[in-house]
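Worksheet: one structure, shown below.
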Amino acid sequence: ATSAPSATVTTITVNTLPIANALPLDLGIQKGFFAAQGIEIKKSTLQSGNDIVLALANNRGEIGYIGYTPGMIGRTQGIPITVVAASETEGASEADNWQNVVVSGSSSIRSPQDLVGKTIALNALKGVAEIVVRGALDKLGVDSSSVKYTVMPFPAMPAALASGLVDAVHTPEPFMSQIVAAGGRVVLAPGPVLGRYFPNGCYCAREDWVRANPGLVTRFRTAINQSLVYANSHPDEIRAMLPAAIRNIRLPTWSPLVDRVQLLTLAKLAKKYGAITTLPNMTKFVPSFVEGGRTLQATVGQG
């Protein structure tokens with residue numbers, strides 16, 4: 001066995017999303033982490049995790065960047081999605097979380113309890129947004145079925161909130177910062193309520209492709225893990241890749257570790273709220289070669 005990658009360069013198509021969370025891939029390409037592993041990345045940008053799962057199911061692209069929830073949905077519906085590497089988590093507290101429930105400055109809603117009977121906009125139903133919002137509300141003793149949920153794309157949320165079309169929105173960056181800059185405020189940080197550094201995104205592939213390309217999968221994982229660690233410790237280099245107007249948004253925590261205990265919590269909530277009808281086989285969904293860790297403190301540090 002030789003540690004140096006062979007001279008042949010392998011091209012991998014990665015289906016990804018147009019969000020800041022996916023930028024470590026771009027940074028890793030820039031830094032030469034993939035080239036050092038003999039890999040050339042071809043990016044294909046889709047609009048949702050579900051779109052990416054379907055693309056992989058139809059053999060369009062080899063690896064996909066998605067949330068764990070679409071992966072679980074695909075897996076339980078017969079698409080053999082398996083995680084090849086971790087990506088990012090939510091924050092440790094409301095203060096550093098990048099995906100929250102926010103209201104307008106003039107809203108009478110001050111706490112999660114005030115959301116009873118109100119309407120929250122989500123980007124999709126039965127997706128990670130509904131699961132974490134409902135899970136957090138129920139954990140706080142607020143009956144999540146007493147809240148109404150409506151669907152709209154993230155870019156439409158600031159205007160819908162400002163016009164009073166909805167009472168609250170669950171939105172990631174950069175829209176969260178836009179709303180807060182206009183006087184809005186956070187009333188619920190679902191991820192941190194469920195757990196510190198709650199799992200969010202991952203890189204996945206079809207099981208048959210992983211089995212057929214074990215060396216390539218290892219090399220990809222080595223490069224993306226290097227990219228995640230580098231991105232997390234060099235946030236200024238990530239910010240430099242963002243448009244000037246959104247350079248100060250809150251960034252996620254990137255880590256190569258998967259918190260399997262919290263991932264099982266997410267799976268159970270997905271089942272409770274009807275996103276999946278049965279729990280996925282967690283051992284096959286996140287194989288043992290993906291680095292596990294009960295806590296991310298080792299790689300993340302405090303804050």
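In terms of the mean number of neighbouring beta-carbon atoms within 10 Å, the peptides 141-154, 59-72 order highest first as 59-72, 141-154. Backbone amide hydrogens, once placed in the peptide plane, bring Leu188 within less than 5 Å of Val101, excluding anything fewer than 5 places away on its chain.
In terms of its C-alpha gyration tensor, the range 1-103 comes out oblate, because a/c is 1.5 or above while a/b does not outweigh b/c. Hey, in the GNM for the chain with a 10 angstrom Cα cutoff, which one of Ala159, Ala121, Ala244 fluctuates hardest? Between Ala159, Ala121, Ala244, it is Ala244 that shows the largest mean-square fluctuation.
Across the chain, Cα pairs under 8 Å and at least six residues apart give a relative contact order of 27 percent.
Label reach from Val151 (point 7 Å along Cα→C-beta): in the range 111-130, amide nitrogens under 20 Å belong to 119-130. Tell me which residues come under 5 Å, amide H to amide H, from Val84 once H is placed; ignore anything under 5 positions away on its chain. Counting only residues 5 or more places away or on other chains, the set is Tyr203, Cys204, Ala205.
Temperature 10 °C, viscosity 1.306 mPa s: under these conditions the Stokes-Einstein estimate for the range 64-207, based on its Kirkwood radius over C-alpha pairs, is 102 µm² per second. Here the Karplus curve 6.51 cos²θ - 1.76 cosθ + 1.60, taken at θ = phi - 60°, turns the phi angles of the range 110-124 into couplings of 10, 8, x, 4, 6, 7, 4, x, 9, 10, 10, 7, 10, 6, 6 Hz, with x standing for Gly and Pro. Which distance in Å, rounded to a whole number, links the C-alpha centroids of the range 217-236 and the range 195-213? After rounding, the separation between the Cα centres reads 14 Å. Ligands, DNA and RNA aside, Leu122 has an accessible area near 0 Å² when probed at 1.4 Å. Using a probe radius of 1.4 angstrom, the carbon and sulfur fraction of the accessible surface of the chain is 54%.
Do any of Lys43/Lys126; Lys126/Lys271; Lys42/Lys126; Lys118/Lys268 go past 20 Å between their Cα atoms, and which? List each step's numbers first, then the result.
Values: Lys43/Lys126 27 Å; Lys126/Lys271 10 Å; Lys42/Lys126 30 Å; Lys118/Lys268 25 Å.
Going by Cα-Cα distance, Lys43/Lys126; Lys42/Lys126; Lys118/Lys268 fall outside the 20 Å limit.
Roughly how many Å² is the accessible area per residue of the range 134-293, as a whole number, for a 1.4 Å probe? Don't jump to the answer; show the numbers that get you there.
Details: 6770 Å² over 160 residues.
On a per-residue basis, 42 Å².
Taking amide H positions as modeled 1.01 Å from N, with prolines and chain starts lacking one, the residues under 5 Å from Thr45 and 5 or more places away or on another chain are Thr16. Reducing the range 40-88 and the range 102-144 to their Cα centroids gives an inter-centroid distance of 27 Å.
The values are calculated or read from the model by the stated rules, or taken from the named source; none is laboratory data. These figures come from a predicted structure and were not determined experimentally. Cβ atoms come from the backbone with ideal geometry, glycine included; neighbour counts cover every protein chain shown. Just the protein is used for accessible areas: all its heavy atoms, side chains included, with ligands, DNA and RNA removed. Shrake-Rupley method; radii C 1.70, N 1.55, O 1.52, S 1.80 Å.
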